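What follows is one structure encoded as structure tokens, with my remarks underneath.
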Amino acid sequence: MKRVLALLLALVLVLALCACGTKKEQPAETQPEQPAETQPEQPAQEENKLVKDTCILLEADEAMINNYSLLAVNPEAPFADADGKAVQGVEINAAGAAALINWLLSEEGQGLAADYGVADYGEHLFYLKEDRPVSAAQIPAATDETRRVRLSTTTSVNDSGLLDYLLPVFHDKYGYEIEVYSAGTGKAIANAKMGNADLILVHAKAQEEAFVEEGFAYTLDGMDSARLTYMYNYFVLCGPSADPAGVKQAGDVKAAFAAIAAGKHPFISRGDGSGTHSKELSLWPEELGITKEAESFKDYTDWYISANAGMGACLVMAEEMGAYILTDKATFLTFQTADGAA
């Protein structure tokens, strides 16, 4: 009997020790979770670093005016895919596009565009052209057939937050649902040429004029032109606060670009056929021969970086590399605020 009791006592002790051992292992099981709780703060801190040094170094140069135009897509246009093959069965919502264009060009729409950003940034992000077209057309409410409107536009309009500010007002008042495709101007126009947009809002004059000449746009009733240029802002030349190229002392934007090239200071190019890319190409010294073709800058790749990316991504690259970059002011200011810069 004593032997049985002894065995039972030993068993109880073993079980108690196992239980204690299990309890001691619990902190080891929960230990890996502790870094996971604090880890979300790490990316946020790193992201904030991306916007602390890049700043505007040169602005308000007459060569840096950035005009924006509205164009209605012609329902009878020669739509084609990326390979040049005709696209059949394209349906363009001409009525919906006309409604949106007329509202954007109305006193209400233009007034909202002009006021955008003043409360948040203390300055205008977009300005109205003095010779702009103004619409007084009656705007019909959306119907089941006209409700969906496809807008192809540039990243500088979309990334600035302007459309998020304007389109809800238009929707609430007239009931239209606007689908926005945002890319560089070249891609935004190409999208429309394939029949994937009812109107475009872009900022590259030569490409817009070609769009009209090729039969992809038409003149709305009451307007004098198919290309409706009505607002503008400014491109700005940004870079590291130390400004090793001396951009601030350059005098004008072309002299600044020459200084960047002469010193082989890193420069981030959109490289995507956008309106910003087109403007940038026009500012380099002609003797450099920089064009949209990669062959033209093959000898400059130690300082000239063609990103083939949107404005936001390029601004991040410029910050990380301490590089110079051309951007529109509206996107730069909203980029700073969104990422928590001072």
Contact list please: Cβ distance under 9 Å, first residue in segment 102-116 and free of Cβ contacts under 8 Å to residues at least 60 places away in the same chain and among the charged types (D, E, K, R), second residue assigned to a loop (DSSP other than H, G, I, E, B) and crowded, with 21+ Cβ neighbours inside 10 Å, pairs at least six apart or on different chains.
Glu107/Ser135
Regarding segment 93-100, can at least one residue be identified that is assigned by TED's automatic domain parsing to the domain that holds Asn74, at pLDDT 95 or above and within 23 Å of the chain's Cα centre (by Cα)?
yes
Taking Arg132, is it outside any helix (DSSP H, G or I), in contact with a helix residue (DSSP H, G or I) (Cβ under 8 Å, 6 or more places away or on another chain), within 23 Å of Gly222 (Cα to Cα) and not hydroxyl-bearing (Ser, Thr, Tyr)?
yes
When you go through (1) more than 22 Å from Gly96 (Cα to Cα); (2) aromatic (Phe, Trp, Tyr); (3) surrounded by fewer than 23 Cβ atoms within 10 Å (Cβ to Cβ) one by one for Tyr218, which number turns out not to apply?
(1)
Which residue pairs have Cβ atoms closer than 6 Å, lie 6 or more positions apart in sequence or on different chains, and pair a first residue in segment 272-298 that is hydroxyl-bearing (Ser, Thr, Tyr) with a second residue that is surrounded by 16 or more Cβ atoms within 10 Å (Cβ to Cβ) and part of a loop (DSSP other than H, G, I, E, B)?
Ser274/Gly184; Thr276/Arg270; Ser278/Ala204; Ser296/Ile290
Of (1) under 23 Å from Val212 (Cβ atoms); (2) modelled with pLDDT under 95, Ser160 fails just (1)
Quick test of your reading of the structure: Asn308 fulfils all but one of (1) assigned to a helix (DSSP H, G or I); (2) on the phi > 0 side of the Ramachandran plot. Name the failing condition by number.
(1)
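For residues that are farther than 22 Å from Gln207 by Cβ and among the aromatic types (Phe, Trp, Tyr), tally how many sit in segment 275-322. Don't jump to the end; show me each part of the working.
Narrowing segment 275-322 to residues farther than 22 Å from Gln207 by Cβ: 285, 287-288, 298-305, 315-322.
Going one step further and asking which of them are among the aromatic types (Phe, Trp, Tyr), we end up with 300, 303-304.
So the count comes out to 3.
For (1) over 19 Å from Ile56 (Cβ atoms); (2) out of contact with any Lys or Arg (no Cβ under 7 Å at 6 or more places or on another chain), each residue gets a yes or a no:
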{"position": "Ala259", "(1), (2)": "no, yes"}
{"position": "Pro266", "(1), (2)": "no, yes"}
{"position": "Arg270", "(1), (2)": "no, yes"}
{"position": "Gly273", "(1), (2)": "yes, no"}
{"position": "Glu287", "(1), (2)": "yes, yes"}
{"position": "Trp303", "(1), (2)": "yes, no"}
{"position": "Asn308", "(1), (2)": "yes, yes"}
{"position": "Ala323", "(1), (2)": "no, yes"}
If only one of Ala226, Ala210, Ala190 is out of contact with any Leu (no Cβ under 8 Å at 6 or more places or on another chain), surrounded by 16 or more Cβ atoms within 10 Å (Cβ to Cβ), not aromatic (Phe, Trp, Tyr) and not in a strand (DSSP E or B), which one is it?
Ala190
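Would you check which residues across segment 235-251 are touching an Asp or Glu at 6+ places or on another chain (Cβ under 6 Å) and either exposed (fewer than 14 other Cβ atoms within 10 Å of the Cβ) or assigned to a strand (DSSP E or B) (or both) and list them?
First, the residues of segment 235-251 that are touching an Asp or Glu at 6+ places or on another chain (Cβ under 6 Å): 235-236, 240-241.
Residues satisfying the conditions are Phe235, Val236, Ser241.
The values are calculated or read from the model by the stated rules, or taken from the named source; none is laboratory data. Predicted model only: the values in this text are computed from it and were never measured. Glycine gets a Cβ as well: all are built from the backbone with ideal geometry, and neighbour counts include every protein chain shown.
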